[in-house]
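Engineer: Structure provided below as C-alpha cells; questions to follow.
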Amino acid sequence: MRILVVEDNLTLAEGLCAVLKGNGYAVDAVHDGLSAEAALRTQSYDLAVLDLNLPEMDGLELLRTLRARQSNTAVIILTARGALDDRVKGLDLGADDYLTKPFDVSELEARIRVLLRRQAGLRGSQVSFGPVLLDLNTRTASFEGKPLDIPARELSVLETLMLKAGKVVAKEAIIQSLSAFDDDLSTNAVEQYASRLRKRLAPLGLTVRTARGLGYYLDKVGAGG
C-alpha cells in the first residue's frame, strides 16, 4: 500500500517516512501544498498524512481540492491546529481522521491501519485466501497456523492480490502499491516477484496466474487454466 506524507517540517517528515517504510508501506513525502496537489493528481495513493500549516497551499484547501475531484484517497490530518473549529472543518471537508501534534507514533500507526482496512473494505485486520492467512497489522502470512517466510516485496504483492481476490490486478497497479518516488520499479521486476511468489505458493495449493496483457490474480492450483 502507498502513502503520501505531506509535512513541511523536514525532520518530522523524514521520521514519519522511516516509521511507515519500516511497517512495509511504500511512502512518498512532499513539503508544500502545491507539490502535494500535483502528487495526488498524478499518482495513486491509498492514504495521505496531511499537515494543515503548509506553504504554497493550505492543507484544508488541498483537502477541498482533492475531494472536489472525487478522490477516494483516505486522509488523516496530522497538525498542531487542535481547535474545535479546525477539527470540524477538516472532517466536514472530507478528512477521514484528525490527530493533533504532539502525537504518539503508535496511535498514528493504529489509525492508519484502521483507515487502510476501511479502504480495502475489511472489518478486521486479517484476510485469507484458501489456506493462507494474511495479518495486515503485523504484515505476516501463515499457512494452517504456521508462519510463512516471505520477503517483503513478495509479501506486498501477495497482499495486493489477496485484497483484490477474485479480480485481475494490473501490473501498473502493483507497481503503484510497491514503489515510491525514489524507486525504479519496472514491469520486469514485478514479473520476477510474481514468479517467485508463485513458486512459494505452489506447495500450499495456491498459484499466481497471469491474465495475459492485463495482470495477475490469485487462484487455487487446478482451479483454472
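Engineer: Return one whole number: the accessible area per residue of region 2-120 in Å², for a 1.4 Å probe. Could you put the intermediate results ahead of the total?
Structural biologist: Working: 5290 Å² over 119 residues.
Ligands and nucleic acids excluded, the figure is 44 Å² per residue.
Engineer: Would you be so kind as to identify which of V132, V88, A38 lies farthest towards the positive end of the dipole of the chain, taking Lys and Arg as +1 and Asp and Glu as -1 on Cβ and the Cα centre as origin?
Structural biologist: After comparing all options, I get V132.
Engineer: Beyond a 23 Å Cα-Cα separation, which of these cross-linked pairs lie in this structure: K89/K164; K199/K220; K146/K199; K21/K101; K171/K199; K21/K220? List each step's numbers first, then the result.
Structural biologist: Details: K89/K164 33 Å; K199/K220 13 Å; K146/K199 18 Å; K21/K101 21 Å; K171/K199 18 Å; K21/K220 31 Å.
Long pairs (Cα-Cα over 23 Å): K89/K164; K21/K220.
Engineer: Only four residue types carry charge here, +1 at the Cβ of Lys and Arg and -1 at the Cβ of Asp and Glu. Report the dipole size of region 66-225 about the Cα centre in Debye, rounded to the nearest 20.
Structural biologist: 540
Engineer: For the chain, modelled as a GNM with alpha-carbon contacts under 10 angstrom, which of D32, D51, D85 fluctuates the most?
Structural biologist: Comparing D32, D51, D85 in a Gaussian network model of the chain, the most mobile one is D85.
Engineer: Each residue of region 130-136 in order: what ³J(HN,Hα) in whole Hz does its phi give by Karplus 6.51 cos²θ - 1.76 cosθ + 1.60, θ = phi - 60°, with x for Gly and Pro?
Structural biologist: 3J(HN,Hα) across region 130-136, in whole Hz: x, x, 9, 10, 10, 9, 6.
Engineer: At 1.002 mPa s and 20 °C, plugging the Kirkwood radius over alpha-carbon pairs of the chain into Stokes-Einstein gives what diffusion coefficient in µm²/s?
Structural biologist: 116
Engineer: What angle, in degrees between 0 and 90 and rounded to the nearest 10, separates the Cα long axis of helix 187-201 from the longest principal axis of the Cα atoms of the chain?
Structural biologist: Result, in degrees: 60.
Engineer: Now for a different question. Of all beta bridges DSSP finds with both residues in the chain, what is the antiparallel percent, to the nearest 5?
Structural biologist: Details: 19 of 36 bridges.
Percent antiparallel among DSSP bridges in the chain is about 55.
Engineer: Based on DSSP, what percent of beta bridges with both residues in region 69-184 are antiparallel, to the nearest 5?
Structural biologist: If we restrict to bridges inside region 69-184, about 75 percent are antiparallel.
Engineer: Grab the Cα-Cα distance for A83 and Q192, subtract it from 0.36 nm times how many residues apart they are, and report the gain in nm with one decimal.
Structural biologist: Result for the pair: 34.3 nm of gain on full extension.
Engineer: Determine the distance separating the Cα centre of region 131-190 from the Cα centre of region 1-45; give it in Å without decimals.
Structural biologist: Result: 20 Å between the Cα centres.
Engineer: So if I place +1 on the C-beta of Lys and Arg and -1 on the C-beta of Asp and Glu, and nothing else carries charge, what would the dipole magnitude of region 126-220 be about its Cα centre? I want it in debye, nearest 20.
Structural biologist: Roughly 440 debye, rounded to the nearest 20.
The values are calculated or read from the model by the stated rules, or taken from the named source; none is laboratory data. No experiment lies behind these values; they were computed from the predicted model shown. Cβ: placed from backbone, ideal geometry, glycine included. Neighbour counts: every protein chain shown. When the accessible area is computed, the model is the full protein with side chains, heavy atoms only, and any ligands, DNA or RNA have been set aside. Shrake-Rupley method; radii C 1.70, N 1.55, O 1.52, S 1.80 Å.
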